[in-house]
Structure formats: structure tokens, C-alpha cells
Amino acid sequence: MKGIKDIFTEKGFFIKILVFLVGVFIIAINYNLFVRPNSFVLGGASGISILCNAAFGFDPVITLYILNVMFLILAGIFLGKKETIKAIAGSILYPVFVSLTIPLANLLLPYLNFNNYLIVVLICGCLHGLGTGLIYRCGYNTGGGDILTKMTTKFIQIPEGNAMLICNIIIQTFSVIIFGINKVIYSVIIILITSTLVNKILIGISDSKMFFIYSKKYKDIERFIIEDLNTGVTVFNTEGAFFKKKREMLMVVVPTRDYYRVKDTVLKIDEEAFFVVSDCYEVDGGIKRKNLPFI
């Protein structure tokens, strides 16, 4: 009982649940407004439900219930307790929310007549990506395709990304047969938009770049960073693995707008400089421009 009490009193628990419910609501209303009316096959249980409706006339909502329950049972048998628990809430609530949002969707549909079909695709992708990202951010999923992917990973012994690709290819192959190539292209665009938005929601939007710089003229580069960019820089004493040479490496985080300025200046100072640049999603502490009195 103490463990359960700790979970419910944990800071942010109810906010996390609220965000999760908002995410489920968004993908449910999106299903009724755009996915089902336009026969977009996005993979997982929702995609299979669209295919079953077109091929056999099965009610897509009932199919969603059946598929999610079936996938939950399979998860319990083959994936274990941990993965099953993570999928229970989403697997149950997603079809429930789809059922509950049908009246609202029917009320809104007459006002959603777009002349350009690409607008429909973009809105659908953004809503699906936003809802899915919020759900993943809370540590949950909606079962269906996630369970299918994990089962494929377990039995074929391949990375999860490859397993997801295989599952989507199989589903999209049936989609081509039933709906034709045009629908598949639109569905793939939505999947790409969804994937991009999910990544942005999970890891944030990069507004900084992190440079790792090797140079014999590191003192000059260090001076440029401190005096011209007015920001801090860290010097590491490193050793090359091949020749065992000891040398200094600079690490600095700069706003994305300064990326080309830093890159061009480093090469101007030392044409033979070696540097690696990566996206930086969060910066806190250290010396920042806003903390410096002379900025």
C-alpha cells in the first residue's frame, strides 16, 4: 500500500495523467475527424481497423477494441508484466475515447471542408504527432502497433526501429492493394510528420549547437570564444588513441544563430582544425551571455 501511496503523492503525477489523457483525446478526435473519413492507414491497430473496414466491412471502432484487447493478451503472454502494464491504460482508453468523440467529430466535420487535400494531410499529421508525443512523454503508449513492434523485435532479434519499419511495410502493402498508391503516399507523409513531432516533443527543439574542437591554435580559438562571443568555454586535456599524443580539446555551446560564425572563424584561425558539431537540446548553469554584466 505504501508503494501505491507514493505513486499517487509523487510530484507531478496528476499533471502527467492529465497530459496523457489530453494526448489520447487528441489522437482519438483526429481518428474520427481525419484518419477514418480519409482512410489514412497509419500503422498499428488504427491502421488495421481501417483496412478491415474497407476489406470486410467491419466496424472500425469495434475492431479497435478487439485488436487492442488481443494485443494486450499477447503482450501479457510474450512480453511480460512490465511492458503490459505500460500499454494497459492507452490500449483501453484509446478506443474508449474514439467512441466518446464520435458525436463531437460528427458535429465538426461539416465545417472541415478543405479545398487542398494536403492541408488535411498536414493537420492530421500534426494532431497525430502531438497526441502521440504527449503520450510517449508521459511514459505510456496506446498498445497496438507498439506491442506489435516489441513482439517483432523479440522474436526476430532485430532493432526496434527495424521492427517498426517491417510492420509498417506489411500494413502499407495491404493498403496499396485496397486503397491504391495515392493513399499510401499521403499516409507515409503523415507518419513522417508524426515521427518528427514526436521527436521534438520528447527531446525538445534544439536552439543551440555544441562544438568539440581540436586545434594547435586552441588558445586563439579560446580567446575568440571568450572575447568575441562573450561566452564560456571548457578545455579538456585529452590523449589520442592511435598516436597517444596529448592535446587540448575545446568544448563550447553557442546559439544556433552563431553556428556559421563559429565554424568560419575556427577554420580561419586554423585551416587544419578538427571539430565535431551536434545539436544541444538543453543548457543550464555555467557562463551564459545573459549572466554577463557587460552584455
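Going by Cα centres, the range 41-100 and the range 187-207 are how many Å apart?
23
Taking the highest mean first, how do the peptides 102-114, 48-60, 195-207 order by number of other beta carbon atoms within 10 angstrom per residue?
Ranked from most to least packed, the peptides come out as 48-60, 195-207, 102-114.
Using alpha carbon coordinates only, what is the Rg to Rh ratio of the chain, with Rh defined as the Kirkwood radius?
1.10
Which whole-Hz couplings ³J(HN,Hα) result when phi for each residue of the range 16-27 is put into the Karplus expression 6.51 cos²θ - 1.76 cosθ + 1.60, θ = phi - 60°, listed in order with x for Gly and Pro?
Running phi through 6.51 cos²θ - 1.76 cosθ + 1.60 with θ = phi - 60° gives 4, 5, 4, 4, 4, 5, 4, x, 5, 4, 4, 6 Hz.
Under the rule a/c < 1.5 gives rounded, and otherwise a/b versus b/c splits prolate from oblate, where does the range 88-211 land using the Cα gyration tensor?
Rounded.
Please list, ordered by chain and number, the residues whose modelled amide H lies under 5 Å from the amide H of Phe275; skip anything fewer than 5 residues away on the same chain.
When sequence neighbours closer than 5 places are left aside, the close amide H contacts are Tyr214.
Just to check I understand the Karplus step: with θ = phi - 60° and J = 6.51 cos²θ - 1.76 cosθ + 1.60, what whole-Hz values come out for the range 30-47, glycine and proline as x?
5, 4, 7, 7, 10, 5, 5, x, 9, 6, 7, 9, 9, x, x, 5, 5, x
Which residues does a label at Ile77 reach in the range 131-168, if reach means a backbone N under 19 Å from a point 7 Å past the Cα toward the Cβ?
Residues 143-157 qualify, since their backbone N sits under 19 Å from the label point.
Subtracting the Cα-Cα distance from 0.36 nm times the residue separation, let me have the gained length for Phe58 to Gln157 in nm, one decimal.
Roughly 32.3 nm would be gained on extension.
Kindly write out, for the range 152-159 in residue order, the coupling ³J(HN,Hα) from the Karplus curve 6.51 cos²θ - 1.76 cosθ + 1.60 (θ = phi - 60°), rounded to whole Hz, with x marking Gly and Pro.
Going residue by residue, I get 4, 4, 5, 8, 9, 6, 10, x Hz, with x marking Gly and Pro.
Taking a label point 7 Å from the Cα of Leu104 along the Cα→Cβ vector, which residues of the range 24-63 have an amide N closer than 18 Å to it?
24-37, 61
What residues qualify as long-range amide H neighbours of Gly143, i.e. H under 5 Å apart, gap of 5 or more or another chain, H built at 1.01 Å from N?
Amide H neighbours of Gly143: Ser91.
Set the Förster distance to 41 Å, then compute FRET efficiency between Phe236 and Leu118 from the Cβ-Cβ distance, nearest 0.05.
Once the sixth-power term is evaluated, E becomes 0.25.
Read-outs: derived from the displayed coordinates by stated rules, not from any lab. Quick caveat, the model's predicted, so the values are computed rather than measured. Positions of Cβ are generated from backbone atoms using ideal geometry, with glycine treated the same way; all protein chains shown enter the neighbour counts.
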